[in-house]
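The values are calculated or read from the model by the stated rules, or taken from the named source; none is laboratory data. Just so you know, these numbers come straight off a predicted model, no measurement behind them. Neighbour counts run over all protein chains shown; Cβ positions are idealised from the backbone, glycine included. What goes into the accessible areas is simple: the full protein's heavy atoms, side chains included, and nothing from ligands, DNA or RNA. Shrake-Rupley method; radii C 1.70, N 1.55, O 1.52, S 1.80 Å.
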Amino acid sequence: MMTRPMIPAGAALMLLTVFFASCGTLPVIRPLDAAGTQAAEERCRLPFLEAPHRLVHAIEAGSPERAMGTVLGVTLFDPLSGIVRSAILTLEGFVLFDARYDGGVEVHRAFPPFDDPHFGENMMDDIRLIFLAPQGRLLRAGTLDNGAIVCRYEDPRGRTIDVMVRPDGAWEIATYGRQIERLRRVEALSVKNRIPEVVALTGFFTVNYRLHMTLISAEPVSPGDIRY
Amino acid sequence: MMITNWLRHEVIVFFAVMLLSCFPMPGWAASWEEVQKEAAKITSINARFTQSKHMTILAKPLVSQGRFYFQAPDSVRWEYASPVKSILLMSRDGIKRYTLGSRGLAEDASGSLQSMQVVLRQISQWSRGRFTDNEHFSATLKGGKERKIILEPREKGMAKMISRIVISLSSDRPGVLESVAIFEGEGNHTLFAFTDVVVNAPLDESLFRKPQ
């Protein structure tokens, strides 16, 4: 007796196609000699400031295809402690979201559409990805085909993080899941004094979104400014 | 849907302050009747504004500047020049926002601005000096040396967003504002200042329909 498959063959094939299309391979890293590897590791630290800073950005949010709206973002971070404080404001100055990260997310103020319980965690993940050096172990360092220096890390959650610094000082960060599916891509442009004037973050996989962040101001702060 | 809610409440408050700030107020310290009488004389307003956002996480305020136009009964152009160029147009034809971003000056694609028809109704009320009719805020006139108008939320939901709005009037210059402050709680407040205010000058209708 023949039984009908639970999923029609055509649909199963389509699902497999979608699954494999969302996965890929990691960029090939060309190895360097010992001195070159050490220099590459040092260069990979360039995107991440060592001192606490306060940055204000205009953030254009939307899908990769089109922008939906613009808000202002205020971000304070302390690279040493890993503490982050962040607020999102409308252009008119109304605070839509205000939260602090210190090992966990503490939300001080959240209004729709930023009041989803997971929003704060995801936002802090993105902020830490952009501004703080990756946690976890360095797998290898070398160069890419385009001449950029690259360092590949594996974080405690099993994600792969590639930090790439181009010869002109612009940098890029890409993260991948356990199946090498793309998760995030961060591109920093017009870098001056190690601070990019533009940062573009694209989120892939479950939800595609894009943040285009234009720097308004940047200034060093003391760790005490981020304490509360 | 949720976006429309925050946008509606926030913008209502925002325009309330904006309009209160711009109208000449020689009679405000006396009575609401005088306010309505004075407001009825206003047909248009054109002014520069400076918006200063104060927050506990900011060492110095975040300053935005731009220009404001109002044509009675309910046409508004609220235009930021810095730090982000953005233009909000409101007229009976509808409401649109344009923002300069990575794709040039583009119209807001969220589609949520149409819910702001309620703002137009509020503007129409306020432009006639009917501040006490507001469903979201109670209004109090305070006389004496420090003349103030205080708006306080009527509902708990609104109070979570805006705890108080204080409009301080100059004691020695009738009709001149000292400050307008929107308090959100937790050390956050926004100050608005208007300069070069021109009242009842003719305004081109295209100002309220075209971003440029």
So which residues in segment B:157-183 are at pLDDT below 80 and touching a Pro at 6+ places or on another chain (Cβ under 6 Å)?
B:P174, B:G175
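Any idea which of A:G158, A:G147 is open to solvent by less than 20 Å² (accessible area, probe 1.4 Å) and on the phi > 0 side of the Ramachandran plot?
On the way: A:G147 fails: open to solvent by less than 20 Å² (accessible area, probe 1.4 Å).
Residue meeting the stated conditions: A:G158.
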Going through segment A:76-90 in order, the residues found to be of a type in the set (S, T, Y), open to solvent by less than 10 Å² (accessible area, probe 1.4 Å) and more than 7 Å from chain B (Cβ to nearest Cβ) are A:S86
Going through segment A:153-168 in order, the residues found to be within 14 Å of A:R43 (Cβ to Cβ) and out of contact with any helix residue (DSSP H, G or I) (no Cβ under 7 Å at 6 or more places or on another chain) are A:D162, A:V163, A:M164, A:R166, A:P167, A:D168
Name the residue that is most open to solvent (accessible area, probe 1.4 Å), counting only residues in segment B:80-100 that are away from chain A (no Cβ under 11 Å) and part of a strand (DSSP E or B).
B:K96
Please find, within segment A:43-75, the residue that is farthest from A:T214 (Cα to Cα) out of those that are open to solvent by 10 Å² or more (accessible area, probe 1.4 Å), within 11 Å of another protein chain (Cβ to nearest Cβ) and aliphatic (A, V, I, L, M).
A:M68
Would you call A:D116 open to solvent by less than 30 Å² (accessible area, probe 1.4 Å) and either over 30 Å from B:S64 (Cα atoms) or not hydroxyl-bearing (S, T, Y) (or both)?
no
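Per-residue answers, yes or no, for (1) at pLDDT 95 or above; (2) not β-branched (V, I, T):
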| residue | (1), (2) |
| --- | --- |
| A:D145 | no, yes |
| A:A148 | yes, yes |
| A:T175 | yes, no |
| A:S190 | no, yes |
| A:F205 | no, yes |
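Here's the yes/no breakdown for (1) touching a Gly at 6+ places or on another chain (Cβ under 6 Å); (2) within 14 Å of another protein chain (Cβ to nearest Cβ); (3) over 22 Å from A:L76 (Cα atoms):
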| site | (1), (2), (3) |
| --- | --- |
| A:R152 | no, no, yes |
| A:D162 | no, no, yes |
| A:D168 | no, no, yes |
| A:E181 | no, no, yes |
| A:R184 | yes, no, no |
| A:Y209 | yes, yes, yes |
Are there any pairs with C-beta distances below 9 angstrom linking a residue in segment A:189-209 that is among the acidic types (D, E) to a residue that is modelled with pLDDT of 95 or more and part of a strand (DSSP E or B), with the two at least 6 apart or on different chains, and if so which?
A:E197/A:A188; A:E197/A:T214; A:E197/A:L215
